[in-house]
Ligand code: FAD
C-alpha cells in the first residue's frame with residue numbers, strides 16, 4: 001500500500017497543479033498537501049476501507065485489537081462488556097486478595113490507537129447472518145440504559161471471539177443454586193456470598209447443625225479454576241476470617257467434588273499428587289469419582305462412580321466450575337452453517353470458519369478441525385516414506401514425529417499427558433517391541449487413531465486465545481500487501497493453499513496456585529516446579545502479563561496491601 005500511495009501522490013499533485021494553473025482555485029489548491037491528504041482519505045474511506053467486525057473483548061478479541069496496525073480497516077467492536085478482564089486473577093477477586101477493578105481495563109483505552117478507525121458498541125450479538133454479511137445486535141441489557149436498542153452491523157470480515165459459557169451438563173438445579181466463576185461479576189458475587197455465609201452462621205438464632213450447613217463450602221470441578229478457588233478460600237478462612245469469626249471457625253468445611261479419579265488431570269502426575277496431598281493436609285475434603293446429579297437450595301446429590309452409591313451433601317454455598325460450553329448465539333450460528341453437531345466452531349488452521357467466507361473464529365468459542373489435522377499428519381508421514389514402502393526407519397520416524405509435534409503442539413501435549421516421550425513409546429502397545437528398526441505405517445495409523453480419539457484440541461486457555469488474536473491481526477496487517485505482491489516473501493510457499501503460515505501455538509507452560517503461598521508450574525521441556533519459589537515466579541509472570549501499567553500497579557499494590565493488612569471482609 002505504501003508503494004501504491006507513493007505512485008498516487010505525484011499524479012494527484014499534477015492534477016492539483018493543472019487545476020491551479022487553469023485558474024480553477026488558487027486558494028484551495030495552492031498547497032497540494034491537504035488536497036492529497038483529503039483525496040487519499042476520501043478514497044480510503046469510500047473505496048478501500050474494509051469493514052471488520054469483532055465480536056467480544058476477551059483474550060482473543062483484545063489481542064486481535066491490540067495487534068492490529070493497518071489503518072485501512074474500519075473496525076467495529078461489539079461486546080456486552082466495555083472492558084477486558086484478566087481472568088487468571090478472577091479466583092483472587094473472590095476472596096478480596098485482589099480488587100475487581102484492578103484486573104480490568106476499559107476497551108476504549110486499549111483501542112484508542114493513533115490512526116486506527118475503531119468504534120466500540122456496548123451490545124451483545126444476537127444473530128449472525130452469514131449470507132447477507134450482517135450481525136444483529138442489542139444494546140447491553142445489563143446496563144442502566146435499558147438495553148432495548150436493536151441494530152445491525154455490516155461486515156466484510158467477521159471475527160468471532162465470544163468465548164464460552166459455563167457448562168452445567170444440564171444437571172438439574174445448577175443454574176438456580178450454584179455460583180459460577182467466569183466473569184468479574186461472578187467473582188464479586190462469590191466474595192459477597194462467602195461473607196454472607198459467615199454473618200448468617202453467627203446469628204444467635206442459628207442452630208449448630210444449621211451453622212455447619214451454612215459454613216460448608218462446596219466446589220464442583222477439580223480443574224485449575226476449581227482447585228485455585230478452593231485454595232484461595234482456604235487461605236481466606238484460615239488467614240483472615242478465622243480471626244474475625246472465632247466462634248465459627250471450627251465449623252467451616254471446604255469440599256471439592258471431582259468426577260474423575262484425580263484433580264488437575266491436564267497437569268503432570270507429580271503436580272496432581274502434590275496438590276492432592278496438600279489439600280489433605282489443609283483439611284480440604286477431596287472427593288474424587290463423585291458425580292453431581294442434582295442440586296437443591298440446601299443439598300447436593302452425588303453418585304459415586306465406583307460403588308454407584310447416592311449421597312446427599314448439605315451445603316451453604318456451591319461454586320460450579322466443570323468446564324465450558326457453547327454460547328447460544330454461537331450454537332445458533334453453527335446450526336446455520338451445518339456444524340450443529342459440534343461443541344465449538346470448527347475452523348481450519350488459518351482460523352477461518354469452515355464453509356464461510358471471511359469469517360474467523362478464535363479463542364474458547366472455536367476449535368481447529370481435528371480431522372483435518374489428522375489428515376495433514378498422515379500426509380506428512382506419507383511424504384517421508386519416499387520409496388512408498390509403507391515403512392520408515394525408527395530414525396526417520398523420530399524426525400517426522402518431531403516435525404509433527406512442532407506443527408501440532410496438541411500432539412505433543414497429548415504424549416506428555418500420557419507420560420510418553422514420543423510415538424515410539426506409544427507404538428510399543430501396537431508392535432510389542434519398541435526396539436524394532438522399522439516402523440510400519442499401518443501400525444502408526446492405528447496408534448494415531450488412539451491419539452485422534454483421545455487427543456483434546458488446543459486447551460481452552462487465555463494463552464491460546466491471545467496467540468490466536470495476535471496471529472490473526474498479523475494476517476490482517478499483511479492481507480493487502482500479500483494481495484498486491486503474490487510472489488512476496490511473506491507468502492506461505494509450498495503447499496499453495498493459503499498465503500499465510502497456518503496458526504502455530506507455542507505452549508509456555510501453565511500454573512496451578514495451590515494456596516499457602518505455594519504454586520505448581522509445568523513448564524516446556526517437562527520441567528515441573530512446585531513450592532514457594534514457584535509462587536514468586538507466578539507473581540512475576542502474572543504481573544508482567546497484565547494488560548496495562550495501570551492494572552499492573554493496582555494488582556501489585558493489592559498484593560502488598562494483602563501482605564500487610566490481610567484481606568478485607570466487609571460485605572459491600
Ligand atoms: P473470553 O475471554 O471469555 O471473552 C469473550 C468475550 O465475548 C467477552 O468480552 C464477552 O463479554 C463477549 N461476549 C459474550 N457474549 C457475547 C455476545 N453475544 N456478543 C458479543 N460479545 C459477547 N487461561 C489461562 O491461560 N491461564 C489461566 O490462569 C486461566 N485462568 C482462568 C481463571 C478463570 C476463573 C477463568 C474463568 C478462566 C481462566 N483461563 C485461564 C481461561 C481463559 O480465561 C479463557 O481461555 C479465555 O478467556 C478465552 O478467551 P476468549 O477471548 O475466547 O473468551
Place a point 7 Å from the Cα of residue 206 in the direction of its beta carbon; the residues of the range 240-278 whose amide N falls under 12 Å from it are 245-253
Which shape class applies to the range 167-275: rounded if a/c is under 1.5, otherwise prolate when a/b exceeds b/c and oblate if not, where a ≥ b ≥ c are the square roots of the Cα gyration tensor eigenvalues?
prolate
How high is the FRET efficiency between residue 169 and residue 48 when r is their beta carbon distance and R₀ equals 45 Å, given to the nearest 0.05?
0.40
Theoretical gain in end-to-end length, residue 398 to residue 376 [0.36 nm per residue, Cα-Cα removed]:
6.2 nm
Linear extension gain, residue 287 paired with residue 273, 0.36 nm per residue minus alpha-carbon span:
3.6 nm
Given a Förster distance of 25 Å, report the FRET efficiency between residue 109 and residue 508 from their Cβ-Cβ distance, rounded to the nearest 0.05.
0.45
Quick one: if you stick a label point 7 Å off each Cα along the C-beta vector at residue 67 and residue 261, how many nm between them?
3.9 nm
For the range 162-202, shape from the Cα gyration tensor axes a ≥ b ≥ c, cut at a/c of 1.5 then a/b versus b/c, turns out oblate
Convex hull volume per residue in cubic angstrom - Cα atoms of the range 202-354:
175 Å³
Per residue, what volume in Å³ does the convex hull of the Cα atoms of the range 78-227 enclose?
180 Å³
Nearest-0.05 FRET efficiency for residue 552 and residue 389 at R0 = 41 Å, using Cβ-Cβ distance, is 0.10
If packing is taken as the average count of other Cβ atoms within 10 Å, what order do 381-394, 164-177, 188-201, 214-227 fall into, highest mean first?
214-227, 188-201, 164-177, 381-394
Debye calculation, C-alpha points only, no solvent: report log10 I(q)/I(0) for the range 502-572 at q = 0.13, 0.16, 0.28 Å⁻¹, in the same order as the q values.
-0.51, -0.71, -1.22
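Rule-based calculations on the coordinates, nothing more; no lab input. Keep in mind that what you see is a predicted model, and the values were worked out from it rather than measured. When we count neighbours, we look across all protein chains shown, and the Cβ atoms used for this are built from the backbone with ideal geometry, even at glycine.
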